[in-house]
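The values are calculated or read from the model by the stated rules, or taken from the named source; none is laboratory data. Source: prediction; values computed, not measured. Cβ placement follows ideal geometry from the backbone for every residue including glycine, while neighbour counts extend to all protein chains displayed. Note: accessible area is taken over every heavy atom of the protein model, side chains too, but ligands, DNA and RNA are not part of it. Shrake-Rupley method; radii C 1.70, N 1.55, O 1.52, S 1.80 Å.
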Amino acid sequence: MTKITLIPVLNDNYAYLIETDTVTAIVDPGEAQPVIDALEAKGKTLDLILNTHHHGDHIAGNEALVKKYGARLIGPAAEVKRIDGMDKTVAEGDHFDIGNEPVDVFETPGHTSGHIVFHLPQAKALFSGDTLFSMGCGRLFEGTPDQMWQSLQKIMTLPDDTQIYCGHEYTKANGTFCLNIEPDNGDLKQRVDDVIALREAGQPTLPVTLGKEKKTNVFLRAGSAQRFAEIRAAKDAA
Ligand code: ZN
Ligand code: FE
């Protein structure tokens, strides 16, 4: 049975440890030491590093983890020049395995031009990096609203019971913004209440199901690229 463990790194990033039958992988290690601590507590070593995009808060731990464990690094083909030491590049439609766990790769440009997400259909998990957040989406540093809308549409085709593991704990602030857009959305009000309670208890708000995001995330609910662009602009100005 595959186990996924959330590891807080830096200020508000999450790295995710994936333990399959034979292989241990980490997604987006923005920092090495918390990952090493988690591995040592489990008596495990690291086989594989997965990167969603080139930003430092997602890759800065790569080098130390490769040095310590000899882990292989898999990342987006479109960002191979911006991430040091990639052993394998992947792109839209590529498949690989983490032990007994199949992985599908989707390109989701917008936040960065080469951003990818990793879908594990058997584990019902999506590692969405800075493309999709709970009740939010990534800022458009290297892409257009149209591109990001298309990227989110790809994610929307996944099953509703897919668990979303995203790159940051931005959920509470995102929820406040979503309530400004949809003040009468009952599912959204409930999710924001739940999120506030989780944060007060010092708990993460992730993972969250795609089904719940479809009911609460105003970016997924925009309905058109044009409306998405308006909402993204309003969030950037907030
Ligand atoms: Zn980023
Ligand atoms: Fe980030």
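Here are the numbers for the structure shown:
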quantity	calculated
Dipole magnitude of the chain, debye to nearest 20 (Cβ charges: Lys/Arg +1, Asp/Glu -1, about Cα centre)	240
Heavy-atom accessible surface of segment 3-237: percent carbon and sulfur, 1.4 Å	48
Diffusion coefficient, µm² s⁻¹, Stokes-Einstein with Kirkwood Rh over alpha-carbon pairs of segment 184-236 at 4 °C and 1.567 mPa s	105
Accessible area expressed per residue, segment 1-76, with surrounding protein chains retained (probe 1.4 Å, Å²)	41
Distance cut-off 19 Å, percentage of C-alpha pairs in segment 102-238 lying past it	46
Per-q log10 I(q)/I(0), segment 3-237, q = 0.12, 0.13, 0.17 Å⁻¹ (Debye; single scatterer per alpha-carbon; no solvent)	-0.62, -0.73, -1.25
For peptides 20-27, 189-196, sequence by mean Cβ density within 10 Å, most packed first	20-27, 189-196
Accessible surface, segment 176-238, averaged per residue in Å² (probe 1.4 Å)	51
37 °C / 0.692 mPa s Stokes-Einstein diffusion coefficient of segment 66-150, Kirkwood radius on C-alpha pairs, µm²/s	239
Proximal lysines relative to Lys189, as straight alpha-carbon distance under 18 Å, when same-chain residues fewer than 8 apart are discounted	Lys172, Lys212, Lys214, Lys215
Sequence-distant residues sharing a close amide H with His168 (under 5 Å, placed H)	Tyr14
Within straight-line cross-link reach of Lys44, lysines at Cα separation under 29 Å, skipping those fewer than 8 residues along the same chain	Lys3, Lys67, Lys68, Lys88, Lys124
